[in-house]
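In what follows, a structure is listed as structure tokens, so that the remarks can point back to it.
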Amino acid sequence: MASDLLQQLRLNGPVPRHVAVIMDGNGRWARERGRPREFGHRAGMRAVREAVEAAGDAGVEVLTLFAFSQENWHRPQGEVAALMTLLELYVRKERRELKEKGVEVHAVGQLHLLGPRTRAAIQSIVEHTRGGTKLKLNLAISYGSRAEIVHAARRLAERVREGTLMPGEIDEELFAEHLYTPGDPDPDLLIRTSGEMRISNFMLWQLAYTELHVSPVLWPDFTREHFFAALLEYQQRERRFGRVLAT
Ligand code: FPP
């Protein structure tokens, strides 16, 4: 039961500060039921709600969800439109509760590519939830990690051109501050659902030392119990960051 898992998590000690999730398998979930892909995405939205709640309850500080990739723009127009409508619906349905629960929503990605209605919805949830201290929720939308890295490089190059930065001053810390997630700890745990063993252009810089948890469960079926089980498994791992641990 979820409450037992949560109790076990607390007994074990520290939970990951930052959990990132590649929510995969909505399409297959729908196909298994003979329904259109949009049906799977809608069910995926319920799983988003559950994951956000679970992260907050477990004491995770930052949850980053890969909601829409740069590559997803190449999906059929109808599916893209359905995903945008779902994001808007999510904002309408969840905004108040997220605020009440102390969840601060951020959006990361090439948001200028979104249509005005979706952009306005995202902006409204970001503004409405500002100041929440329980959980930071990063929604990666129109997101691609290589584009993020190029964007950071460009901003640093501009500062060099302006004369406010010397090339030799650029180090890993400064570079990270110019990504979309300044101030966030790197993810401790990446969860990917539906069994695919890929990173799919997601947080390539930030995931350097992240522990990976690949679940065979399709995203719409990924429950609070699955989320806690992933955290429990993480707590059993020995993180070495490329070093040898003292014995
Ligand atoms: C991957 O499944 C999932 C997506 C491309 C979209 C994720 C969107 C949601 C979970 C719902 C809306 C999100 C929010 C934050 C409200 P897939 O379509 O690639 O599945 P497949 O690999 O089985 O085809």
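Coordinate-derived values only; no laboratory data. Just so you know, these numbers come straight off a predicted model, no measurement behind them. Methodologically, a virtual Cβ is constructed for each residue, glycine included, from the backbone with ideal geometry; neighbour enumeration extends over all protein chains shown.
Suppose the chain between residue 73 and residue 166 were pulled fully straight at 0.36 nm per residue; how much longer would it get relative to their current alpha carbon spacing?
Residue separation times 0.36 nm, minus the Cα-Cα distance, leaves 29.8 nm.
Looking at the P(r) of segment 74-157, how many percent of alpha-carbon pairs lie beyond 19 Å?
45 percent
So the label point goes 7 Å from the Cα of residue 238 along Cα→C-beta, right? Which residues of segment 13-29 then have their backbone N under 19 Å from it?
13-14
May I ask for the distance between the Cα centers of segment 47-105 and segment 131-162, given as a whole number of Å?
18 Å
If I take every Cα pair under 8 Å that is 6 or more residues apart in the chain, average their sequence separation and divide by the length, what percent do I get for the relative contact order?
Details: 379 pairs, mean separation 73.0, N = 247.
Reported as a whole number, the value is 30 percent.
For segment 149-209, what is the convex hull volume of the alpha-carbon atoms per residue, in Å³?
Once divided by residue count, the hull of segment 149-209 is 92 Å³.
Quick one: which residues, 5+ away or cross-chain, put their amide H under 5 Å from the amide H of residue 106? H built at 1.01 Å from N.
Excluding prolines and chain starts, which carry no amide H, the hits are 137, 138, 139.
So what is the orientation-averaged projected area of segment 13-110, using the convex hull of its C-alpha atoms, in nm²?
Projected area, direction-averaged: 7.1 nm².
222 nm [θ] for the chain, helices only, -39500 (n - 2.57) per DSSP H run of 4+, per residue, to 500?
-15000 deg cm²/dmol
Any idea what the relative contact order of segment 112-226 is, in percent, if you count C-alpha pairs under 8 Å spaced at least 6 apart?
23 percent
If I stretch the segment between residue 92 and residue 80 completely, what's the gain in nm (0.36 nm per residue apart, minus their alpha carbon distance), one decimal? Display every interim value, and only then the final one.
Working: separation 12, 0.36 × 12 = 4.32 nm, distance 1.87 nm.
Full extension from residue 92 to residue 80 adds 2.5 nm.
Give the whole-number value, in cubic angstrom per residue, of the convex hull volume spanned by the C-alpha atoms of segment 1-61.
91 Å³
When Rg is the radius of gyration of the Cα atoms in segment 74-218 and Rh is its Kirkwood radius, what does Rg/Rh come to?
We get a ratio of 1.00 for segment 74-218.
Using only the Cα atoms of the chain, what do you get for the radius of gyration and for Dmax, in Å?
Values for the chain (Cα only, Rg and Dmax): 18.5, 59 Å.
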